[in-house]
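*Asks:* Next up is a structure, given as structure tokens.
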Amino acid sequence: MKYLSLLALFIVSHFAMAEQGLVVGFSIEEYVTDAQDTTSSTSNILMGLNETVSIEVEGDYVVTMTSKQLQAEKIQLTVSLSDLSNGAPNVVDKDRTLKLAVGQTTRYELAQAEHVYQVSIDTVYGELPAH
């Protein structure tokens, strides 16, 4: 009975532990230069260091990120962004390299044809925020 209780405690504690790693939060705002409509998408990715993760964001974009630890609190993110809004992937930005301290936010803007994309990325060590 004692072993069964220990086994049950181990299983429960294993499932109760939150996933730890590098949380990368990003938001994308897209607008057409001659229109007033703005599309905004936000998501979080939990990833390990020296790992590549690809995620589809709200059916509008595919974001691929590779993280690399440079120093104790500094990382390098390599980011690629594709727009899916026209049915087929349209590469907007490929292999953009960002060097930042964990906890820092960075923003950049991309323009392609009449579309403008404003991208914001922030990082923190910890647990993936609840949905």
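*Asks:* Does the stretch 29-40 include one or more residues that are within 14 Å of T123 (Cβ to Cβ), surrounded by 10 or more Cβ atoms within 10 Å (Cβ to Cβ), within 20 Å of the chain's Cα centre (by Cα) and at pLDDT 90 or above?
*Replies:* If we filter the stretch 29-40 for residues that are within 14 Å of T123 (Cβ to Cβ), which is where we start, we get none.
No, there is no match, as no residue in the stretch 29-40 is within 14 Å of T123 (Cβ to Cβ), surrounded by 10 or more Cβ atoms within 10 Å (Cβ to Cβ), within 20 Å of the chain's Cα centre (by Cα) and at pLDDT 90 or above.
*Asks:* If E58 meets every condition in (1) modelled with pLDDT under 90; (2) surrounded by 13 or more Cβ atoms within 10 Å (Cβ to Cβ); (3) touching a Ser or Thr at 6+ places or on another chain (Cβ under 8 Å) apart from one, which number is that one?
*Replies:* Every listed condition holds for E58 apart from (2).
*Asks:* Cβ-Cβ under 9 Å, sequence separation 6+ or interchain: first residue in the stretch 75-98 and at positive phi, partner of a type outside the set (S, T, Y). Which pairs?
*Replies:* Pairs found: D95/V79.
*Asks:* So, in the stretch 61-89, exactly how many residues are touching an Asp or Glu at 6+ places or on another chain (Cβ under 8 Å), surrounded by 15 or more Cβ atoms within 10 Å (Cβ to Cβ) and not hydrophobic (A, V, I, L, M, F, W, C)?
*Replies:* Number satisfying all stated conditions: 6.
Yes/no per residue for (1) at pLDDT 95 or above; (2) more than 17 Å from G21 (Cβ to Cβ); (3) not hydroxyl-bearing (S, T, Y):
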| site | (1), (2), (3) |
| --- | --- |
| T66 | yes, no, no |
| Q69 | no, no, yes |
| G87 | no, yes, yes |
| V91 | no, yes, yes |
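The values are calculated or read from the model by the stated rules, or taken from the named source; none is laboratory data. None of the values given here were measured: they were computed from a predicted structure. Cβ sites come from the backbone with ideal geometry, for glycine too, and all protein chains shown count toward neighbours.
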